[in-house]
4 protein chains.
Amino acid sequence: MPGISIEAFNQLTAMELPLAAQNGCRAEKIGDGTARVRLPFNDSLTRPGGTISGPAMMALTDYAMYAALMGAIGEVALAVTTNLNINFLRKPEAVDMIAECRVLKLGRRLAVLEVTIYSEGQDEPVAHATGTYSIPPKQTD
Amino acid sequence: MPGISIEAFNQLTAMELPLAAQNGCRAEKIGDGTARVRLPFNDSLTRPGGTISGPAMMALTDYAMYAALMGAIGEVALAVTTNLNINFLRKPEAVDMIAECRVLKLGRRLAVLEVTIYSEGQDEPVAHATGTYSIPPKQTD
Amino acid sequence: MPGISIEAFNQLTAMELPLAAQNGCRAEKIGDGTARVRLPFNDSLTRPGGTISGPAMMALTDYAMYAALMGAIGEVALAVTTNLNINFLRKPEAVDMIAECRVLKLGRRLAVLEVTIYSEGQDEPVAHATGTYSIPPKQTD
Amino acid sequence: MPGISIEAFNQLTAMELPLAAQNGCRAEKIGDGTARVRLPFNDSLTRPGGTISGPAMMALTDYAMYAALMGAIGEVALAVTTNLNINFLRKPEAVDMIAECRVLKLGRRLAVLEVTIYSEGQDEPVAHATGTYSIPPKQTD
């Protein structure tokens, strides 16, 4: 069973991550170390060239990692990104973006995660990222 | 002389980068391949732990690179990020963030840039990033 | 059909990449944008902790990308790495290492590739990397 | 005072890092969180195009980080790289390479470091890298 429900994750982030909330980011699927999240298209996400901005995709990447990590270890709001590396592969369409994330390695203190971003309905990814989250010590540590 | 003035850059991005504009990002200094940009603090940038969110810093990083690149090559709105790698070093203060960027390598088609982010008034950086921008071919190419 | 045969790739790299040749790196499978390559275990690859050194895995990563790229575009010895990002996930065993690579995006001038490294016989990856290769213009360009 | 002397570091790595030793890597300067290291040129480092191979520079990067980290925290042979990101900027000359490293952030468990690589005698860097080392807990932890 995943460490956090979709509802609990979406409620947490709606309250605690104002930027992601403004953009309408939400989780659609959370498993044990996996997640699928959505960024609804809107005009404020665009950049010159009529495409979605890099920072919007970086924010979605980080959001997907937060979801997959909590899917693995439960509600740990204080987990923080320590590194994120993203490659932009193709020009996104002016549609919703879907990010799929999975944990590559779950340690006691660090987790490494991988994210692939798609324009909804397309097979070819528009971006690919990896990142590291630092997991805070438990109260009992 | 820098390839773009501070005023022209701020006007371009106010119109063409709605996310950055919403956050109040602006350039304060642009040189020939260098830039200093500011992200004014506001509550919507926060995340659990009372600190500034990673995605806000990633957006600022990308904005700083855009400024330094245009400082080197002039107004080329269609330049796009192809890779960005960021390390988060310290918990930012609840104050404005300043990003300093410089071009490490300027090629005809690719530029590699480095960004260091500070909490205003602090000496120790809160984040450090490198990235690559792809420069579109000139019309005459 | 892959752009290069396993034999041609191994012969090219045996002659042109002395470091990889010394380490005994070789391709075992090359497809159209995919490759599996092997680094035979030997004592000179080790580091403190009785494990395989990071640089040995970085070299294997780069070698796997070179193979998958030529599998996609043919023998282009002058293709060069422009960026490589690697996360070390688990302590490798003192056995051969296998790297699996696939092209994430093939452009005319740049290719982005992903590599996963395993200790032979293990399911869990020991390292994961992404990288970018620059493809030289064709003589006719 | 640096946490390790140049002599102690070179002796440790000559014995414990066979690959680096074969390549003739050595430290020339170690400070408190900084290091300058050298990779002597030799033909086995080359790759197609008559230039120094990427993996040779990655190995030098990792070596420089190991030196700067021990300059900061003392002889901790079991510190290991968890992430390394490198951008190749210019074609290196067929001469010795010099890597300059400094610690960007020293935590109790993680250190983030930055490396710039030069062809000896040249001003423009040939590569730039950042990476993270994991510091093992002390026996008394």
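Tallying residues that are within 9 Å of another protein chain (Cβ to nearest Cβ) and more than 15 Å from the chain's Cα centre (by Cα) within segment D:108-124 yields 3. Which one is nearest to D:THR132 (Cα to Cα), of the residues in segment D:15-57 that are outside any strand (DSSP E or B) and touching a residue at least 60 places away in the same chain (Cβ under 8 Å)? Here the answer is D:GLY33.
This table checks each residue for (1) of a type in the set (Val, Ile, Thr); (2) within 23 Å of C:ASP123 (Cβ to Cβ).
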{"site": "C:SER5", "(1), (2)": "no, no"}
{"site": "C:GLN11", "(1), (2)": "no, no"}
{"site": "C:LEU17", "(1), (2)": "no, no"}
{"site": "C:GLY31", "(1), (2)": "no, yes"}
{"site": "C:THR34", "(1), (2)": "yes, yes"}
{"site": "C:ARG108", "(1), (2)": "no, no"}
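Of the residues that make up segment B:58-72, is at least one at pLDDT below 95 and on the phi < 0 side of the Ramachandran plot? No - not one qualifying residue is present in segment B:58-72. Screening C:LYS138 against (1) surrounded by fewer than 19 Cβ atoms within 10 Å (Cβ to Cβ); (2) charged (D, E, K, R); (3) closer than 14 Å to C:ALA72 by Cβ leaves a single unmet condition, (3). For segment C:99-132, the candidate set comprises residues that are in contact with a Lys or Arg (Cβ under 6 Å, 6 or more places away or on another chain) and touching a residue at least 40 places away in the same chain (Cβ under 8 Å); within that set, the residue that is farthest from D:ASP62 (Cα to Cα) is C:GLU100.
For segment A:1-26, the tally of residues that are within 13 Å of another protein chain (Cβ to nearest Cβ), surrounded by fewer than 19 Cβ atoms within 10 Å (Cβ to Cβ) and among the aliphatic types (A, V, I, L, M) stands at 4.
The set of residues in segment B:27-71 being surrounded by fewer than 24 Cβ atoms within 10 Å (Cβ to Cβ), in contact with a Lys or Arg (Cβ under 9 Å, 6 or more places away or on another chain) and not small (Gly, Ala, Ser) consists of B:GLU28, B:LYS29, B:THR34, B:ARG36, B:ARG38, B:PRO40, B:THR51.
Could you look through segment D:74-104, keep only residues that are surrounded by 20 or more Cβ atoms within 10 Å (Cβ to Cβ) and not aliphatic (A, V, I, L, M), and pick out the one that is farthest from D:PRO136 (Cα to Cα)? Only one residue tops the list, namely D:PRO92. Across segment D:53-95, the number of residues qualifying as over 24 Å from A:THR82 (Cβ atoms) and more than 7 Å from chain C (Cβ to nearest Cβ) comes to 10.
The values are calculated or read from the model by the stated rules, or taken from the named source; none is laboratory data. Everything quoted here is computed from the prediction, not taken from an experiment. Note: ideal-geometry Cβ built from the backbone for every residue, glycine included; neighbour counts use all protein chains shown.
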